[in-house]
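**Student:** For reference, the structure I am asking about is given below.
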Amino acid sequence: MPKLLLVRHGETAFNRERRWQGQHESPLSAEGQAEVQALASRIAAEGPGALYSSDLPRARETAAAIASVTALEPIFDARWREVDVGEWLGLTPEEVEARYPEGYARWLAGGTGWDQGESYLEMAERGMAAVREAASEHAGATHPVVCVTHGGVIRAIVMQVLGMPPEARRLLATGPTASLTEIDATAALWRLRSFNDAGHLPR
């Protein structure tokens, strides 16, 4: 099994405005484009051997920046997508609290707040299926495997590695955009090596 580099996409306008983004087809902002250039240089130095990505535009743009400096061909897969936030799409936390107080309370308690869309458990199941498949495809590889995805998916994978229950989701912060999380999958027991590393970003 290889080393896995889990990449959060670069910044979008929704990120900057603190809006629930889910599976919205947001492009990167100017700041996000600068972030992914710095991220791509960091990843190129790791000498990756494969590149997987969510098929949403913000992830595609991030993967394209990595591909441009590694010559890797991205493999796009909808299983790497962010959780579908249903009726919360485009809303800020303040707007959600005002419109959907019961759902917001559920979310604060660690559950899924929206009634439409998908649950965190459903997202975690597809994300884990995608990452296990990527690791299996590169069993014995000596070069890292890069997976461009979203904050919710990265957190779900990390929780699985750490053995945390689903209701503990809010104990882990979503990392900065264009941050990097490293998992050592070279043994049967996966290990978290770094989480939400943003030391490469121009901030």
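The values are calculated or read from the model by the stated rules, or taken from the named source; none is laboratory data. This one's a predicted model, so the numbers in the text were calculated from it and none came from an experiment. Backbone-built Cβ (ideal geometry, glycine too); neighbour counts: all protein chains shown. The accessibility values were calculated without ligands, DNA or RNA, using every heavy atom of the protein model including side chains. Shrake-Rupley method; radii C 1.70, N 1.55, O 1.52, S 1.80 Å.
**Student:** Over all alpha-carbon pairs of the stretch 1-71, lay out the pair-distance distribution in 5 Å bins, whole %, shortest bin first.
**Tutor:** In whole percents, the pair-distance histogram is 3, 17, 28, 23, 15, 9, 4, 0.
**Student:** Using a 10 Å cut-off on Cβ atoms, rank the peptides 21-32, 128-139 from the highest mean neighbour count down.
**Tutor:** In decreasing order of mean packing, 21-32, 128-139 become 21-32, 128-139.
**Student:** What net charge do the residues around Arg126 carry, taking every other residue with its C-beta under 15 Å from that of Arg126, with Lys and Arg at +1 and Asp and Glu at -1?
**Tutor:** -4
**Student:** What do you get for the angle between helix 151-162 and the principal long axis of the chain? Use alpha-carbon atoms, 0 to 90 degrees, nearest ten.
**Tutor:** Computed tilt is about 70 degrees.
**Student:** Which net charge results when you count Lys and Arg as +1 and Asp and Glu as -1 among the other residues whose beta-carbon is under 11 Å from that of Arg18?
**Tutor:** Numbers: positive: Arg16, Arg19; negative: Glu17, Glu94, Glu95.
Every neighbour counted, the sum reads -1.
**Student:** Could you tell me the distance between the Cα centroids of the stretch 75-89 and the stretch 124-164, to the nearest Å?
**Tutor:** The distance from the Cα centre of the stretch 75-89 to that of the stretch 124-164 comes to 15 Å.
**Student:** Ok, one more. Would you mind classifying the stretch 131-203 by shape? Square roots of the alpha carbon gyration tensor eigenvalues, ordered a ≥ b ≥ c; an a/c under 1.5 is rounded, otherwise it is prolate if a/b is larger than b/c and oblate if not.
**Tutor:** oblate
**Student:** Along the Cα-to-C-beta direction of Ala45, a point sits 7 Å from the Cα; which residues of the stretch 1-35 have their amide N less than 14 Å from that point?
**Tutor:** none
**Student:** Another question, then. Can you tell me the Rg and Dmax of the chain, counting just the alpha carbons, in angstroms?
**Tutor:** So, for the chain, Rg and Dmax equal 16.2, 51 Å respectively.
**Student:** Ok, one more. Using amide H atoms built 1.01 Å from N in the peptide plane, name the residues 5+ places from Ser179, or on other chains, whose amide H lies under 5 Å from its own.
**Tutor:** Result for Ser179 returns Arg8.
**Student:** Provide the gained length on full extension for the span Leu171 to Ser136, in nm with one decimal, where the gain is 0.36 nm per separating residue minus the Cα-Cα distance.
**Tutor:** Numbers: separation 35, 0.36 × 35 = 12.60 nm, distance 2.90 nm.
The span from Leu171 to Ser136 would gain 9.7 nm if fully extended.
**Student:** Can you tally the net charge around Thr70? Count Lys and Arg as +1, Asp and Glu as -1, for every other residue whose Cβ sits under 14 Å from the Cβ of Thr70.
**Tutor:** Local net charge: -1.
**Student:** Something else: Report in % the part of the accessible area of the stretch 1-92 that belongs to carbon and sulfur, leaving out ligands and nucleic acids; probe 1.4 Å.
**Tutor:** On the way: 1780 of 3580 Å².
Accessible surface attributable to carbon and sulfur in the stretch 1-92 totals 50 percent.
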